[in-house]
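Working notes, structure below.
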Amino acid sequence: MSATQSDLVAKVVALCKRRGIVFQNSEIYGGIQGFYDYGPIGSLMKNNWKNLWIRDNVTRRDDVVLIDGAIITHPKVWEASGHVKNFGDELVECKICHQRFRPDLIDNSSQCPECGGEFTAPKKFNILFHTEIGVIEGEKIPAFLRGEACQNIYLNFKNIVDSSRVKVPFGIAQIGKAFRNEITPKNFLYRTREFEQWDIQYFVYPQDMDKWYEYWKEQRLSWYQNLFNNKDDLRLRQHQKDELVFYAKKAFDVEFNSSWGWTEMEGIHWRGDYDLSQHSRFSGQDLSCRDPTTTGKFLPHIVETSGGVDRSFFFLLLDAYREDKTPGGDTRTWLKINPQVSAYKMAIFPLASNKPQLVDKAKAIYQKLQKKYSVDFDDSSNIGKKYRRHDEIGTPWCLVVDFQSLEDDTVTIRYRDTMAQIRLNISKIDSWLQKKLN
Ligand code: ATP
């Protein structure tokens with residue numbers, strides 16, 4: 001890792017704190033590892049990020065519906081999914097590549113067979129967070145916080161088929177929290193213990209798996225590429241045969257070229273009929289569908305796309321972070337982030353905060369735009385500071401009401417990326433902004 005690259009993470013973390021994007025959770029108590037809170041700016045940005053995903057994967061499609069499932073489910077769900085069994089072993093974890101191994105399967109070696117790293121002491125690992133349902137001691141039912149968001153989709157498959165007009169092939173999408181007792185949370189939002197996932201489970205006829213698998217693989221890569229600046233920092237990586245779970249014919253990750261190497265941002269998984277058949281078996285319910293052509297019954301097969309909302313948001317910030325030298329010799333820090341993700345689409349300032357005519361005119365513009373867009377108004381004194389703040393949070397355009405505005409109803413608009421300025425009539429701002437955002 002080069003110094004500049006390793007600095008990048010530290011700089012983004014510092015920027016996130018300085019500008020209210022992301023804070024360490026419980027910081028006044030010294031913080032707690034693996035948990036983060038989004039601040040005033042970060043909450044808006046993260047919501048925009050999620051809304052873009054919903055817009056492109058649900059709203060603008062005819063074949064994907066959205067659900068929002070509960071975090072706690074019937075405890076049997078995690079038995080059916082294999083999480084209880086597979087995450088209950090004594091394991092050692094490599095401190096470098098974080099692969100976990102059963103000591104007996106690696107001849108109790110003290111070095112990781114993958115990268116030569118040192119191991120943690122063997123521990124009983126279960127990454128699921130335990131909780132209890134009920135209030136009376138002795139009668140509480142043990143339960144888990146979900147370790148992955150997708151289970152709710154399988155659980156509601158029958159409800160959705162019965163209640164909506166979906167027909168195979170179709171998808172069910174969900175954004176939701178997942179909890180994993182990660183042994184080594186690290187790299188800010190990259191590996192945390194509480195995080196959000198965005199998943200699509202796309203249900204297809206078994207014979208169409210290959211076609212839909214390829215479709216979703218390309219679709220998800222290009223979706224990210226459209227929103228990141230450096231397309232070359234995104235790629236698909238195919239899993240080796242020995243990385244595949246037994247029911248997967250193939251697996252790919254959408255990877256990001258981070259400062260600690262290429263790393264997973266989203267998994268495109270071949271799940272076959274594993275999940276629906278497991279839940280049929282454990283629940284005793286028939287989850288099959290009728291094929292309208294043959295009238296026979298079949299279990300749909302699944303292509304899953306499962307990505308991390310916080311992880312990809314962090315990668316988006318790493319991709320967006322810029323430092324430029326200004327002609328005056330200062331450093332300008334700014335986020336080259338897609339305007340659709342920016343917390344504010346425009347910031348509106350009066351040139352001077354002690355001139356009521358300017359302040360009032362700027363405020364009137366702000367109040368009008370606020371009805372339609374997320375915009376910010378700032379009448380603090382120093383215009384340079386205001387630009388700096390909005391550059392750092394990635395506000396794409398700043399509008400300044402100056403003395404000329406009082407005479408001819410035009411304002412200055414400054415572009416974040418180039419710092420170029422144009423003048424625009426106040427009556428045109430709305431349509432100008434609308435056009436820019438589209
Ligand atoms: P990893 O190998 O990095 O632990 P995974 O293969 O276990 O990830 P999946 O179970 O496929 O991950 O989860 C789908 C997505 O959820 C990942 O691609 C990642 O973006 C995100 N994710 C998984 N674990 C975490 C975590 N601990 N913190 C933040 N995001 C996570």
Self-check item: Close pairs (8 angstrom Cβ cut-off, 6 or more residues apart or separate chains): at positive phi in the range 342-359, surrounded by fewer than 24 Cβ atoms within 10 Å (Cβ to Cβ) and aliphatic (A, V, I, L, M) anywhere
Solution: none
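Conditions (1) part of a strand (DSSP E or B); (2) surrounded by fewer than 18 Cβ atoms within 10 Å (Cβ to Cβ); (3) within 13 Å of the ligand (Cβ to nearest atom); (4) not small (Gly, Ala, Ser), marked per residue:
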{"position": "Ile153", "(1), (2), (3), (4)": "no, no, no, yes"}
{"position": "Gly171", "(1), (2), (3), (4)": "yes, no, no, no"}
{"position": "Asn181", "(1), (2), (3), (4)": "no, yes, yes, yes"}
{"position": "Gln197", "(1), (2), (3), (4)": "yes, no, yes, yes"}
Quiz item: Under 8 Å by Cβ, and 6 or more places apart or on different chains, what pairs join a residue from the range 223-248 that is touching a residue at least 24 places away in the same chain (Cβ under 8 Å) with one that is hydrophobic (A, V, I, L, M, F, W, C) and exposed (fewer than 15 other Cβ atoms within 10 Å of the Cβ)?
Solution: Arg235/Trp262; Arg237/Trp262
Practice problem: Among the residues of the range 23-48, write down those that are under 16 Å from Ile337 (Cβ atoms), within 16 Å of the ligand (Cβ to nearest atom) and of a type outside the set (Phe, Trp, Tyr). | Solution: Gly42, Lys46
Exercise. Tell me, please, whether a residue that is over 27 Å from Leu52 (Cα atoms), in contact with a helix residue (DSSP H, G or I) (Cβ under 8 Å, 6 or more places away or on another chain) and among the hydroxyl-bearing types (Ser, Thr, Tyr) can be found in the range 227-249.
Key: yes
Quiz item: What is the residue count in the range 199-210 for residues that are surrounded by 13 or more Cβ atoms within 10 Å (Cβ to Cβ) and either in a helix (DSSP H, G or I) or in contact with an Asp or Glu (Cβ under 6 Å, 6 or more places away or on another chain) (or both)?
Solution: 4
Quiz prompt | Residue list for the range 123-140, restricted to those being β-branched (Val, Ile, Thr), in a strand (DSSP E or B) and either out of contact with any Phe, Trp or Tyr (no Cβ under 8 Å at 6 or more places or on another chain) or over 19 Å from Lys85 (Cα atoms) (or both) | solution = Ile133
Quiz item: Tell me, which residue of the range 95-142 that is more than 28 Å from the chain's Cα centre (by Cα) and of a type in the set (S, T, N, Q) is surrounded by the fewest Cβ atoms within 10 Å (Cβ to Cβ)?
Solution: Ser110
Exercise. Filter the strands (runs of 3 or more DSSP E) completely within the range 296-406 down to those with at least 1 residues that are surrounded by 14 or more Cβ atoms within 10 Å (Cβ to Cβ) and of a type in the set (D, E, K, R).
Key: 301-308, 321-325, 331-335, 375-377
Exercise. Within the range 268-282, identify whether any single residue is assigned by TED's automatic domain parsing to the domain that holds Arg191, touching a strand residue (DSSP E or B) at 6+ places or on another chain (Cβ under 9 Å), charged (D, E, K, R) and away from the ligand (no atom under 16 Å from the Cβ), and answer yes or no.
Key: yes
Quiz item: Is it fair to say Glu255 is under 23 Å from Asp56 (Cα atoms), assigned by TED's automatic domain parsing to the domain that holds Trp49, within 16 Å of the ligand (Cβ to nearest atom) and modelled with pLDDT of 95 or more?
Solution: yes
Practice problem: Tell me which residues, restricted to the range 265-295, are without any contact (Cβ under 8 Å) to a residue 24 or more places away in the chain and in a strand (DSSP E or B). | Solution: Arg290
Exercise. Run down Val92, Val65 and say which single residue is outside any loop (DSSP other than H, G, I, E, B), away from the ligand (no atom under 16 Å from the Cβ), at pLDDT 85 or above and over 30 Å from Phe170 (Cβ atoms).
Key: Val92
Practice problem: Please enumerate the residues belonging to the range 211-238 that are loosely packed, with under 15 Cβ neighbours inside 10 Å, within 15 Å of the ligand (Cβ to nearest atom) and not aliphatic (A, V, I, L, M). | Solution: Arg237, Gln238
Quiz item: Is it the case that the range 48-59 has a residue that's in contact with a helix residue (DSSP H, G or I) (Cβ under 6 Å, 6 or more places away or on another chain) and over 27 Å from Leu221 (Cβ atoms)?
Solution: no
Self-check item: Which listed residue, of Leu287, Leu299, Leu316, is within 16 Å of the ligand (Cβ to nearest atom) and hydrophobic (A, V, I, L, M, F, W, C)
Solution: Leu316
Practice problem: Scan the range 239-294 for residues that are of a type in the set (Asp, Glu) and buried (at least 18 other Cβ atoms within 10 Å of the Cβ) and report the count. | Solution: 5
Self-check item: Residue that is farthest from Trp78 (Cα to Cα) [pool: residues in the range 239-252 that are within 16 Å of the ligand (Cβ to nearest atom) and assigned to a helix (DSSP H, G or I)]
Solution: Asp242
Quiz prompt | Members of the range 253-264 found to be small (Gly, Ala, Ser) and part of a loop (DSSP other than H, G, I, E, B), listed by number | solution = Ser259
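The values are calculated or read from the model by the stated rules, or taken from the named source; none is laboratory data. Keep in mind it's a predicted model, so treat the numbers as computed, not measured. When we count neighbours, we look across all protein chains shown, and the Cβ atoms used for this are built from the backbone with ideal geometry, even at glycine.
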